[in-house]
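J.: Just dropping this structure here.
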Amino acid sequence: VTNATFSISELVQHYPRGDKFLKKCFSQFITSDTVEWFESKGVPLKAEPDGRMFPNSDNSQSIIDCLINETKTANVKIRTGINVLKLEKQDNKFNLQLNNNTEEYDRIIIATGGSPKLSGLTWLEDLGHSIVPPVPSLFTFNMPQEKVKTMMGLAVDNAIVKIQGTKLQSEGPLLITHWGMSGPAILKLSAWGARILSEMNYHFYISINWSLIANEEEVRAETTHFRNDKKKLINYRPFQLPTRLWEYLLSKVEIDPDKRWLDLSKKEFNRLVNILFNDIYKVEGKTTFKEEFVTCGGISLADINSSTMESKVYPGLYFCGEVVDIDGVTGGFNFQAAWTTGYIAGKNVGA
């Protein structure tokens, strides 16, 4: 529902796009306001260790029921199965052309969400708005050529992942899947690198630092004290690596897992240090899940008043949610951007 980050300066750091815009918005409605709002409606929230917040019921129906009940209380009419064919303004009124008739309104809020294709935003571009072309954000990495997929289901608590040839880097939990890699470290990289990775056509190399030590010489020094040990490699894992991952890394650098540490040759030790610090994988595509799908792009923030969410191009027209060029990393941040911009638009459309 949201994230238990209650400082504006910390909260905006989780948005690859729209952070400066949101800084002003969050001064009106922030995460703590979201918690207070839901709890005032009888839906208490709880925070997970990573900051994600859920209803105490652990059931999304609690949130759905809450929102539906509020529409009834406020006498909001919800109409489904109606196509909006055209929107135009005449004499300070908005004409909304529907599939069966045309209706007139004083003010309108656009809350249609992100569009995966530019064509889904042309109706707003036709009104004179600037559109930042949408590309996917928050996706997992496909690795069809990599044997690491044989360890599908393996989760690593923390790893540093870099995209070669760029400055993109992320740290966090990593999950190996039957198609490649996922988990917060990968999803954050996909969000921050959304445009760059799109330009690469989702073909690139990543390097993984399993040691979490920033300098290769320090990794070497940290691993050196293993060199004189009589234990077998398979029984003495550095950096508390999961056993399956350690076995895989040894196989990848072609070192016998039953070999003793003290019997390692200099070349073998160097290969081991290198793979712990700089393990390379080829990415060839992406996979997007329904629950993770977020777009980077939308209505340009230059066209929107951050104090009211009103269009600078079309007075009386308001925007909220992912239809604008704002997106966050995984963890409840995209929900919060929607709650905040929705609150501001709703407050001002009725002013």
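J.: Scan the range 100-118 and tell me whether some residue there is farther than 27 Å from residue 325 by Cβ, under 21 Å from the mean Cα position of the chain (by Cα) and open to solvent by 90 Å² or more (accessible area, probe 1.4 Å). Give the steps one after another, and end with the answer.
T.: Of all residues in the range 100-118, those farther than 27 Å from residue 325 by Cβ come to 100-104.
Right, trim to under 21 Å from the mean Cα position of the chain (by Cα) and you get none.
No - not one qualifying residue is present in the range 100-118.
J.: Being crowded, with 19+ Cβ neighbours inside 10 Å and aliphatic (A, V, I, L, M) narrows it down to one residue among 273, 349; which is it?
T.: Sole residue among the options that is crowded, with 19+ Cβ neighbours inside 10 Å and aliphatic (A, V, I, L, M): 273.
J.: Go through 22, 121, 67 for me and flag whichever is under 19 Å from the mean Cα position of the chain (by Cα) and of a type in the set (A, V, I, L, M, F, W, C). Quick ask: steps written out before the conclusion?
T.: Values: 121 fails: under 19 Å from the mean Cα position of the chain (by Cα); 67 fails: under 19 Å from the mean Cα position of the chain (by Cα).
Going through 22, 121, 67 in turn, just one is under 19 Å from the mean Cα position of the chain (by Cα) and of a type in the set (A, V, I, L, M, F, W, C): 22.
J.: Which ones in the range 142-176 are at positive phi and open to solvent by 50 Å² or more (accessible area, probe 1.4 Å)?
T.: Pass one, the range 142-176, residues at positive phi: 153, 165, 172.
Within the range 142-176, 153, 165 qualify.
J.: OK, next. Going residue by residue through the range 85-100, is there one that turns out to be of a type in the set (A, V, I, L, M, F, W, C) and in contact with a Ser or Thr (Cβ under 8 Å, 6 or more places away or on another chain)? So that I can check it myself, show each step before the final result.
T.: As a first pass, look at the range 85-100 and keep what is of a type in the set (A, V, I, L, M, F, W, C): 85, 87, 94, 96, 98.
After this cut, where a residue has to be in contact with a Ser or Thr (Cβ under 8 Å, 6 or more places away or on another chain) as well, the list is 96.
Checked against the condition, which is being of a type in the set (A, V, I, L, M, F, W, C) and in contact with a Ser or Thr (Cβ under 8 Å, 6 or more places away or on another chain), the range 85-100 yields at least one hit.
J.: Wholly within the range 68-156, which strands (runs of 3 or more DSSP E) include no fewer than the required count, namely at least 2 residues that are over 30 Å from residue 170 (Cα atoms)?
T.: Working: elements: 84-90, 93-98, 102-105, 108-110, 131-137, 140-142.
Answer list for the range 68-156: 84-90, 93-98, 102-105, 108-110.
J.: Taking the criterion of being open to solvent by 70 Å² or more (accessible area, probe 1.4 Å), more than 19 Å from residue 34 (Cβ to Cβ) and of a type in the set (A, V, I, L, M, F, W, C), would at least one residue in the range 84-97 satisfy it? Full working, then the answer.
T.: Restricting attention to the range 84-97, the residues satisfying the condition of being open to solvent by 70 Å² or more (accessible area, probe 1.4 Å) are 84-86, 90-92, 97.
Narrowing the set further to residues that are more than 19 Å from residue 34 (Cβ to Cβ) leaves 84-86, 90-92, 97.
If we keep only those that are of a type in the set (A, V, I, L, M, F, W, C) as well, we get 84-85.
Yes, the conditions are met somewhere in the range 84-97.
J.: Quick one: would you say residue 139 is open to solvent by less than 90 Å² (accessible area, probe 1.4 Å), in contact with a strand residue (DSSP E or B) (Cβ under 7 Å, 6 or more places away or on another chain) and closer than 30 Å to residue 286 by Cα?
T.: Working: open to solvent by less than 90 Å² (accessible area, probe 1.4 Å): yes; in contact with a strand residue (DSSP E or B) (Cβ under 7 Å, 6 or more places away or on another chain): yes; closer than 30 Å to residue 286 by Cα: yes.
Here the answer is yes, as residue 139 does meet what is asked.
J.: Take the residues in the range 177-202 that are without any contact (Cβ under 8 Å) to a residue 12 or more places away in the chain and part of a loop (DSSP other than H, G, I, E, B), then tell me which one is surrounded by the most Cβ atoms within 10 Å (Cβ to Cβ). Write out each step before concluding.
T.: Restricting attention to the range 177-202, the residues satisfying the condition of being without any contact (Cβ under 8 Å) to a residue 12 or more places away in the chain are 199-201.
From the residues that got through so far, the ones that are part of a loop (DSSP other than H, G, I, E, B) too are 200-201.
Values: 200: 14, 201: 9.
The extreme case among them is 200.
J.: Sticking with this one: Can you confirm whether residue 23 is among the charged types (D, E, K, R) and surrounded by fewer than 12 Cβ atoms within 10 Å (Cβ to Cβ)?
T.: Numbers: among the charged types (D, E, K, R): yes; surrounded by fewer than 12 Cβ atoms within 10 Å (Cβ to Cβ): no.
Considered against the rule, which asks whether it is among the charged types (D, E, K, R) and surrounded by fewer than 12 Cβ atoms within 10 Å (Cβ to Cβ), residue 23 comes out as no.
J.: Considering only residues of the range 209-265 that are of a type in the set (Gly, Ala, Ser) and more than 18 Å from residue 161 (Cβ to Cβ), which is least open to solvent (accessible area, probe 1.4 Å)?
T.: Of the residues in the range 209-265, the ones of a type in the set (Gly, Ala, Ser) are 211, 214, 221, 251, 265.
Filter once more, keeping what is more than 18 Å from residue 161 (Cβ to Cβ): 221, 251, 265.
On the way: 221: 68, 251: 82, 265: 49 Å².
The extreme case among them is 265.
J.: Among the residues of the range 26-36, write down those that are open to solvent by 10 Å² or more (accessible area, probe 1.4 Å) and touching a residue at least 24 places away in the same chain (Cβ under 8 Å).
T.: 28, 29, 30, 32, 33, 35
The values are calculated or read from the model by the stated rules, or taken from the named source; none is laboratory data. All values reported here derive from a predicted model rather than from experimental measurement. Cβ coordinates were reconstructed from backbone atoms using ideal geometry, including for glycine residues, and neighbour counts include every protein chain displayed. Quick note on the areas: whole protein, heavy atoms, side chains included, nothing else; ligands and nucleic acids left out. Shrake-Rupley method; radii C 1.70, N 1.55, O 1.52, S 1.80 Å.
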